[in-house]
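*Asks:* Starting off with a structure, shown below.
The values are calculated or read from the model by the stated rules, or taken from the named source; none is laboratory data. All values derive from a computational prediction rather than experimental measurement. Every residue, glycine among them, receives a Cβ derived from its backbone with ideal geometry; neighbour counts consider all protein chains shown.
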Amino acid sequence: MNLIKGVNRQKLFKELPLHLMLIPPVILVLIFSYGPMLGIVIAFQDFVPANGWFNSPWIGLDNFTYVLEFPDVKQILWNTFLIAILKIAAGIVCPILLALSLNEIKKTLFKRGFQTIVYLPHFMSWVLLAGILIDILSPSGGIINNILKSLNMQPIYFLGEGTWFRAVLIVSNVWKEVGFDTIVYLAAILSIDRTQYESAVLDGAGYARQLWHITLPGIRGIIVLLMLLNIGSILNAGFDQIFNLYSPQVYESADILDTFVYRIGMEEMQYGVATAVGLFKSIVSFVLITFSYYLAYKVVNYRIF
Amino acid sequence: MVENATFGRKLFIVVNYSFLIALACACLFPIVHIAALSMSSQSAASAGLVTIWPKDFTWMSYRYILENSAFFTSFGVTLERVLIGGTMSMCMTLLAAYPLSKDSRKFKGRSVYAWFFMFTTIFGGGLIPTFMVVKSAGLMDSIWALVLPTAVPVFNILLMLNFFRQIPEELEEAAFIDGAGHLRTLWNVYLPVSIPSLATNGLLILIMHWNSWFDGMIYMNDVDNYPLQTYIQSIIVSSDLTNLKPDDLEELSAISDKTVKAAQIFVSMVPIMAIYPFLQKYFIGGMLLGSVKG
């Protein structure tokens, strides 16, 4: 023991190897994450790939003013915002309800089995789920419309009609994520001090009162935190899901910033314009995320790392 | 408690169980339905007679996939990507998470590095500039276009480093006193006690690579280089709604009728379901230990 005491601990800890270890990930991030940030200059250029970043003519904010003159741009912004907000709201309320409901189940085997099943869709890609949804919701021979027909109702073109399409987006997103999103609430409920419930029972509190006065206040912190952290997702309406489900018929109610950027950039090759729209989204998201982290730090003392 | 449960409580329990069972069925139904569809005859499928059990049972669609070389080519690309990409991402996660888990009093540069990585999660260049970087790096139509840009998964680094931080400092000090360097300490001291977090992050990375489709779509010009999900996307999703041209119609109806599509979707789901039990075993513990800090 004396030997250990004699050793200067600080000397044993060498910093240089740590720097060396970080070299490979830092280089990759520099190229593939910071490189594109430099590429943002395209947004201010009349970018021609053959000329590259250095020789394309600078046109100031022309790309931005050009986009603002697009007739659909307001609608696209509104769609993005609306779909994202509805998803965030449903994505907070549904998992909480499910966690509370699951918390009332005392049979461990049932609970585990249930969790195993409802987490599953979270790990499937939207490509596969969209393939399934397109089949199930098809107006000709899809199983949902077959049921409607057998009830003597008109078939509904879920993916071809704007309002229905949005509903499909929200519901299928809840379906995919609700199970997985309960994990954090279930953990919060489990961390509530059990003795609180025992004394509540002694005081004659029923299940409803326990829920209202112990469980809900017990998870209030985590609810507030997740609400705050979601502020940053207000422009993330879910590219993967929408891109794999939508069609020109529903552009009016389902075209979002990300799908718009993809179409004008990758399909119409208007690189400068697409980069400008992407930059707009990145900046707004950046401000919102920073703001939400700041709030989360102030309100519930949350730190990212 | 059960013996003195009131009528209202009993009713609640019944309703609650029914609700949860219905929800579980809703989560399982699409997967079961697609499996049933893939094993049904074409006529039964297009007539909409299939629900959760195959009608006129047949392996036809699977036989068709077996003969379809495009499906296998893309399956191979995905395997390659999962193998190379998974190994790389895992190495990068460890290489970044270990130094970043050190206290900033000991490792002076820590917060600079931490912000360097974190910043990429809150700001990015966007689609077109990223595409241009990959293109000008000469990675188009190469497996590295799918592997390198995703090689440093910051979210997994965060989970991993928060796990590392809970390992008692005494373990590390003992290793140093025994003459081990950082790499040896990471390998011989940290990794053996981090199995839950390693498993969680490894599986999440595997799933990320298995499920990615967008990079395959924009970086691969040649269909032979498509990973599985991109291939599925191109034949099932796009062809169905957006890219439908009259000339393609006949060919499409031959290669992508309902049952064959269903079979391809189902086969793509099987690997996820196969590793799912392992994920279940580790990920809740691994995720929570990583994300909730004391």
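*Asks:* What's the total number of residues in the stretch B:263-287 that are crowded, with 17+ Cβ neighbours inside 10 Å, small (G, A, S) and modelled with pLDDT under 90? Outline the logic, then answer.
*Replies:* To start, the set of residues in the stretch B:263-287 that are crowded, with 17+ Cβ neighbours inside 10 Å comprises B:263-269, B:271-272, B:276, B:279, B:282-284, B:286-287.
Checking the rest, the ones that are also small (G, A, S) come to B:263, B:268, B:286.
Next, from what is left, pick out any that are modelled with pLDDT under 90: B:286.
Looking only at that region, the number is 1.
*Asks:* In addition: Say we look at the stretch B:100-126 and pick out the residues that are touching a residue at least 40 places away in the same chain (Cβ under 8 Å) and within 8 Å of chain A (Cβ to nearest Cβ); which of these is nearest to A:T259 (Cα to Cα)?
*Replies:* Result: B:F117.
*Asks:* Could you list all residues from the stretch B:130-139 that are within 12 Å of chain A (Cβ to nearest Cβ) and not charged (D, E, K, R)? It would help to see each step written out before you state the result.
*Replies:* Within the stretch B:130-139, the first condition is being within 12 Å of chain A (Cβ to nearest Cβ), and the residues that meet it are B:130-137, B:139.
Within the stretch B:130-139, B:T130, B:F131, B:M132, B:V133, B:V134, B:S136, B:A137, B:L139 qualify.
*Asks:* Let me ask you something else. Looking at the stretch B:74-95, is at least one residue among the charged types (D, E, K, R), at the interface with chain A (Cβ under 8 Å from one of its Cβ atoms) and out of contact with any Ser or Thr (no Cβ under 7 Å at 6 or more places or on another chain)? If you could, list the steps in order and put the result at the bottom.
*Replies:* Within the stretch B:74-95, the subset among the charged types (D, E, K, R) is B:80-81.
Among the residues that remain, those that are also at the interface with chain A (Cβ under 8 Å from one of its Cβ atoms) are: none.
Within the stretch B:74-95 (the criterion being among the charged types (D, E, K, R), at the interface with chain A (Cβ under 8 Å from one of its Cβ atoms) and out of contact with any Ser or Thr (no Cβ under 7 Å at 6 or more places or on another chain)), the answer is no, since none of the residues qualifies.
*Asks:* Hey, another quick one. How many residues does the stretch B:62-90 contain that are modelled with pLDDT of 95 or more and hydroxyl-bearing (S, T, Y)?
*Replies:* 3
*Asks:* Then there's this: Any residue that is closer than 24 Å to A:M21 by Cβ and among the aliphatic types (A, V, I, L, M) - is there at least one of those in the stretch B:206-218?
*Replies:* From the stretch B:206-218, those closer than 24 Å to A:M21 by Cβ are B:206, B:208-209; that's our starting set.
Remaining after also requiring among the aliphatic types (A, V, I, L, M): B:206, B:208.
Taking every residue of the stretch B:206-218 in turn, at least one turns out to be closer than 24 Å to A:M21 by Cβ and among the aliphatic types (A, V, I, L, M).
*Asks:* Please find, within the stretch A:253-298, the residue that is farthest from A:L159 (Cα to Cα) out of those that are over 22 Å from the mean Cα position of the chain (by Cα) and either among the hydroxyl-bearing types (S, T, Y) or exposed (fewer than 15 other Cβ atoms within 10 Å of the Cβ) (or both).
*Replies:* Restricting to residues being over 22 Å from the mean Cα position of the chain (by Cα) and either among the hydroxyl-bearing types (S, T, Y) or exposed (fewer than 15 other Cβ atoms within 10 Å of the Cβ) (or both), the top hit is A:K298.
*Asks:* Find all pairs meeting these conditions: Cβ atoms under 9 angstrom apart; at least six residues apart or on different chains; first residue within the stretch B:149-163 and at the interface with chain A (Cβ under 10 Å from one of its Cβ atoms); second residue acidic (D, E) and surrounded by fewer than 23 Cβ atoms within 10 Å (Cβ to Cβ).
*Replies:* Final answer for the pair search is B:P149/B:D215; B:T150/B:D215.
*Asks:* Would you check which residues across the stretch B:30-50 are assigned to a loop (DSSP other than H, G, I, E, B) and surrounded by fewer than 15 Cβ atoms within 10 Å (Cβ to Cβ) and list them? Walk me through how you get there before you give the answer.
*Replies:* At the first step, the residues of the stretch B:30-50 found to be assigned to a loop (DSSP other than H, G, I, E, B) are B:39-41, B:47-50.
Answer for the stretch B:30-50, where residues must be assigned to a loop (DSSP other than H, G, I, E, B) and surrounded by fewer than 15 Cβ atoms within 10 Å (Cβ to Cβ): just B:A47.
*Asks:* Filter the stretch A:1-31 down to residues that are in a helix (DSSP H, G or I) and loosely packed, with under 10 Cβ neighbours inside 10 Å and give me whichever is modelled with the highest pLDDT.
*Replies:* Of all residues in the stretch A:1-31, those in a helix (DSSP H, G or I) come to A:2-6, A:9-12, A:16-31.
Pick out the ones that are also loosely packed, with under 10 Cβ neighbours inside 10 Å and you get A:2-3, A:5-6, A:10-11, A:16.
Values: A:N2: 42, A:L3: 47, A:K5: 50, A:G6: 46, A:Q10: 59, A:K11: 66, A:L16: 92.
The residue in question is A:L16.
*Asks:* Right, another one. So, B:V32, is that one within 12 Å of chain A (Cβ to nearest Cβ), farther than 30 Å from B:Q166 by Cβ, in contact with a helix residue (DSSP H, G or I) (Cβ under 6 Å, 6 or more places away or on another chain) and β-branched (V, I, T) or not?
*Replies:* On the way: within 12 Å of chain A (Cβ to nearest Cβ): yes; farther than 30 Å from B:Q166 by Cβ: yes; in contact with a helix residue (DSSP H, G or I) (Cβ under 6 Å, 6 or more places away or on another chain): no; β-branched (V, I, T): yes.
Considered against the rule, which asks whether it is within 12 Å of chain A (Cβ to nearest Cβ), farther than 30 Å from B:Q166 by Cβ, in contact with a helix residue (DSSP H, G or I) (Cβ under 6 Å, 6 or more places away or on another chain) and β-branched (V, I, T), B:V32 comes out as no.
*Asks:* Looking only at the stretch B:217-250, how many residues end up being under 17 Å from A:M124 (Cβ atoms), modelled with pLDDT of 90 or more and assigned to a helix (DSSP H, G or I)? Show your work before the answer.
*Replies:* The initial filter retains those residues of the stretch B:217-250 that are under 17 Å from A:M124 (Cβ atoms), namely B:227-233, B:236-237.
In the following step, the residues that additionally are modelled with pLDDT of 90 or more were identified as B:227-233.
Cutting the leftovers down to assigned to a helix (DSSP H, G or I) gives us B:228-233.
Residues that pass the stated criteria total 6.
*Asks:* Looking at (1) in contact (Cβ under 8 Å) with a residue 40 or more places away in the chain; (2) within 13 Å of chain B (Cβ to nearest Cβ); (3) within 30 Å of B:Y231 (Cα to Cα), which one does A:N79 not meet, given that it meets all the others?
*Replies:* Only one criterion in (1) in contact (Cβ under 8 Å) with a residue 40 or more places away in the chain; (2) within 13 Å of chain B (Cβ to nearest Cβ); (3) within 30 Å of B:Y231 (Cα to Cα) is unmet by A:N79, namely (2).
*Asks:* Ok, one more. Taking interchain pairs and intrachain pairs at least six residues apart, which have beta carbon atoms under 6 angstrom, with the first residue in the stretch A:122-138 and without any contact (Cβ under 8 Å) to a residue 24 or more places away in the chain and at the interface with chain B (Cβ under 7 Å from one of its Cβ atoms) and the second of a type outside the set (A, V, I, L, M) and not in a helix (DSSP H, G or I)?
*Replies:* Hits for this filter: A:I136/A:G142.
*Asks:* Also, quick follow-up: Go over the candidates A:W164, A:W175 one by one and state the one that is within 12 Å of chain B (Cβ to nearest Cβ) and in a helix (DSSP H, G or I). Even if it seems obvious, please write down each step before you answer.
*Replies:* Numbers: A:W164 fails: within 12 Å of chain B (Cβ to nearest Cβ).
After ruling out the rest, the residue left standing is A:W175.
*Asks:* Among the residues of the stretch B:61-71, are any facing another protein chain (nearest Cβ under 9 Å) and either hydrophobic (A, V, I, L, M, F, W, C) or more than 27 Å from the chain's Cα centre (by Cα) (or both)?
*Replies:* Of all residues in the stretch B:61-71, those facing another protein chain (nearest Cβ under 9 Å) come to none.
For the stretch B:61-71, residues facing another protein chain (nearest Cβ under 9 Å) and either hydrophobic (A, V, I, L, M, F, W, C) or more than 27 Å from the chain's Cα centre (by Cα) (or both): absent.
*Asks:* Here's something else I'd like to know. Within the stretch A:106-117, is even one residue within 12 Å of another protein chain (Cβ to nearest Cβ), assigned to a helix (DSSP H, G or I), of a type in the set (S, T, N, Q) and touching a residue at least 12 places away in the same chain (Cβ under 8 Å)? Spell out the reasoning first.
*Replies:* Let us first name the residues in the stretch A:106-117 that are within 12 Å of another protein chain (Cβ to nearest Cβ), namely A:106-107, A:110-117.
The next check asks that each one be assigned to a helix (DSSP H, G or I); those that pass are A:110-117.
Subsequent filtering for residues that are of a type in the set (S, T, N, Q) retains A:115-116.
Then drop every residue that is not touching a residue at least 12 places away in the same chain (Cβ under 8 Å), which leaves A:115.
Yes, the stretch A:106-117 contains a residue that is within 12 Å of another protein chain (Cβ to nearest Cβ), assigned to a helix (DSSP H, G or I), of a type in the set (S, T, N, Q) and touching a residue at least 12 places away in the same chain (Cβ under 8 Å).
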